[in-house]
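Trainee: Would you mind keeping the following structure in view while I ask a few things?
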Amino acid sequence: MKHIAIIGAGPAGLMAAEVALEAGARVDIYDAMPSAGRKFLMAGKSGLNITHSEDEAVFRTRYDAPDARLAKMVEAFGPSDIVKWMAGLGIEAHVGSSGRVFPVGMKASPLLRRWLARLGAAGATLRTRHRWTGWDSEGALVFETMTGQVSVQTDGVVLALGGASWRRLGSDGEWAKILASKGVALEEFSPSNCGFTADWSAKMPPLAGAPVKNISLSAHGQTVRGDFVITRSGIENGAVYPLAAALRRDIAADGRAVLTIDLLPGTDEAALIVRLAAAHPKDSISNRLRKAARLDAAKIGLLNEVTRGQLPKEPEALARLIKALPLVLAGTAPMDTAISTAGGVPWSALDDGLQLKALPGVWCAGEMIAWDAPTGGYLLTASLATGRVAGRAAAR
């Protein structure tokens, strides 16, 4: 019986453990944190969006990876498979109005509890507070524990250590130094599904925390409807995240990115001009925006910020600005605040079973591999799908 170590007790690691057990391997799961699935639980705090119900061919186009292997892995274990897998744990799926799929009850904790119980019943051992620090001279895995250093000999290891965001939940990217020391060429980490900074004037920080609702955002021909939040240093959340990869590339290339905001996507520009023109001539521009355009303080604040208080008085120019406000973004928010990260282990460093070419007997899964995807269930789906591939390959 092969002995497989899984390092990282998030969704990718637990799925790798599950399929390795099914293949007849003996499995030990190690995690540096005091309990399993910390980032998984945090992601599900306001509702665990585990996958999406859209057409699965469309679903697979949401991923940014350099070759077709990730799409094939997601095709082999995609949204419909995840729904069946949850049902096997006694968790029914619920499809929200946006098409996003959640477990009934919305929370991650019942699913995680049942999953861990099933893994334990199948023979997996979970060892928490075990921080992996590399290999010793004999090729054994080395862990730092509460009682000192421990070495473990195994037939194979699946690394499912996450990206480089949310350090306090265990996803700190420190594994990159270990792999680099073994000759694995890595792609630099960058924040994904992240907020962005803007060169705000002193008038914007008081609006921090204000939601900007029912807008559409556009960049590089892609438009997203939804909301976002003003922060002390820029913007974040919601509709910003699906555009993050394109905005990040612009900033890397030009030092800036331009995000076009339609503050009233449900209102025709011609109709808006009529409403603005009909406003009382003695009304200030702010009152005209509030009464005729029906904009709230957050949207008016953005208009004033972009124009530095020099809003046009003509209805046509004002309407045009409301419908296509160009907000210049200066950078990404700190990586540790990002929902996910891009970069890590490049696909060129992996074989088709996700084994590291430079380190036979070592497989990778989940967010530590260099792929990118928006929120909406795509991140978790690919983590589960890659976990299955790596766990099955390791057990073979």
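Trainee: crowded, with 21+ Cβ neighbours inside 10 Å and touching a helix residue (DSSP H, G or I) at 6+ places or on another chain (Cβ under 7 Å), is that true of Val157?
Mentor: No.
Trainee: Under 6 Å between Cβ atoms, which residue pairs at least 6 apart in sequence (or on different chains) link something in region 191-215 that is closer than 26 Å to Asp172 by Cα with a partner that is surrounded by 14 or more Cβ atoms within 10 Å (Cβ to Cβ) and charged (D, E, K, R)?
Mentor: The qualifying pairs are Ser192/Asp372; Gly195/Glu236.
Trainee: Among the residues of region 332-347, is there at least one that is at positive phi and in contact with a helix residue (DSSP H, G or I) (Cβ under 8 Å, 6 or more places away or on another chain)?
Mentor: Yes, region 332-347 contains a residue that is at positive phi and in contact with a helix residue (DSSP H, G or I) (Cβ under 8 Å, 6 or more places away or on another chain).
So that you can scan it fast, the table gives a plain yes or no per residue for (1) buried (at least 23 other Cβ atoms within 10 Å of the Cβ); (2) of a type in the set (D, E, K, R); (3) not assigned by TED's automatic domain parsing to the domain that holds Thr231:
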position: Ala317; (1), (2), (3): no, no, no
position: Asp352; (1), (2), (3): no, yes, yes
position: Leu359; (1), (2), (3): no, no, yes
position: Ala365; (1), (2), (3): yes, no, yes
position: Leu380; (1), (2), (3): yes, no, yes
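Trainee: On the given criteria, is Val158 touching an Asp or Glu at 6+ places or on another chain (Cβ under 8 Å), of a type in the set (A, V, I, L, M, F, W, C) and not in a helix (DSSP H, G or I)?
Mentor: For Val158, the condition - touching an Asp or Glu at 6+ places or on another chain (Cβ under 8 Å), of a type in the set (A, V, I, L, M, F, W, C) and not in a helix (DSSP H, G or I) - is not met.
Trainee: What pairs come up if the first residue lies in region 164-179 and is farther than 21 Å from Ala43 by Cα, the second is modelled with pLDDT of 90 or more, and their beta carbons are under 6 Å apart, counting only those six or more places apart or on different chains?
Mentor: What qualifies is Trp175/Leu161; Ala176/Leu186; Ile178/Gly134.
Trainee: Among what's in region 377-396 and is among the basic types (Lys, Arg) and part of a helix (DSSP H, G or I), pick the residue that is nearest to Ala25 (Cα to Cα).
Mentor: Arg392
Trainee: Within region 168-184, is there a residue that is in a strand (DSSP E or B) and either touching a Lys or Arg at 6+ places or on another chain (Cβ under 8 Å) or assigned by TED's automatic domain parsing to the domain that holds Lys357 (or both)?
Mentor: No: zero hits.
Trainee: Could you please tell me which pairs satisfy a Cβ distance under 8 Å, a separation of 6+ or placement on different chains, a first residue in region 79-90 that is touching a residue at least 24 places away in the same chain (Cβ under 8 Å) and assigned by TED's automatic domain parsing to the domain that holds Thr386, and a second residue that is surrounded by fewer than 18 Cβ atoms within 10 Å (Cβ to Cβ) and not in a loop (DSSP other than H, G, I, E, B)?
Mentor: Pro79/Glu56; Ser80/Glu56; Leu89/Arg114; Leu89/Arg118; Gly90/Arg114
Trainee: Got a number for residues in region 216-235 being without any contact (Cβ under 8 Å) to a residue 40 or more places away in the chain and at negative phi?
Mentor: Residues meeting the conditions: 7.
Trainee: Now a separate question. State whether the residues of region 131-153 include one that is in a helix (DSSP H, G or I), among the hydrophobic types (A, V, I, L, M, F, W, C) and farther than 17 Å from Gly366 by Cα.
Mentor: no
Trainee: With the requirement that a residue be more than 26 Å from the chain's Cα centre (by Cα), touching a residue at least 60 places away in the same chain (Cβ under 8 Å) and assigned to a loop (DSSP other than H, G, I, E, B), what does region 1-11 give you?
Mentor: Correct list: Lys2 only.
Trainee: Name the residue, out of Ala349, Ala324, that is farther than 24 Å from Asp67 by Cβ and among the aliphatic types (A, V, I, L, M).
Mentor: Among Ala349, Ala324, only Ala324 is farther than 24 Å from Asp67 by Cβ and among the aliphatic types (A, V, I, L, M).
Trainee: Test of understanding: among Val328, Val258, which residue is loosely packed, with under 13 Cβ neighbours inside 10 Å and either within 33 Å of the chain's Cα centre (by Cα) or under 27 Å from Ala244 (Cβ atoms) (or both)?
Mentor: Only one candidate qualifies: Val328.
Trainee: Only one of Lys291, Lys299 is within 19 Å of Leu217 (Cα to Cα) and either of a type in the set (D, E, K, R) or not assigned by TED's automatic domain parsing to the domain that holds Gly234 (or both). Can you tell me which?
Mentor: Testing whether each residue is within 19 Å of Leu217 (Cα to Cα) and either of a type in the set (D, E, K, R) or not assigned by TED's automatic domain parsing to the domain that holds Gly234 (or both) leaves just Lys299.
Residue-by-condition table, conditions (1) in a strand (DSSP E or B); (2) over 22 Å from Gly226 (Cβ atoms):
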site	(1), (2)
Leu295	no, no
Gly309	no, yes
Val328	yes, no
Ala358	no, yes
Trp363	yes, yes
Thr375	no, no
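The values are calculated or read from the model by the stated rules, or taken from the named source; none is laboratory data. In this text the structure is predicted, and so the values were computed from the model without any measurement. With ideal geometry, Cβ positions are generated from the backbone for all residues, glycine too; neighbour counts draw on all protein chains shown.
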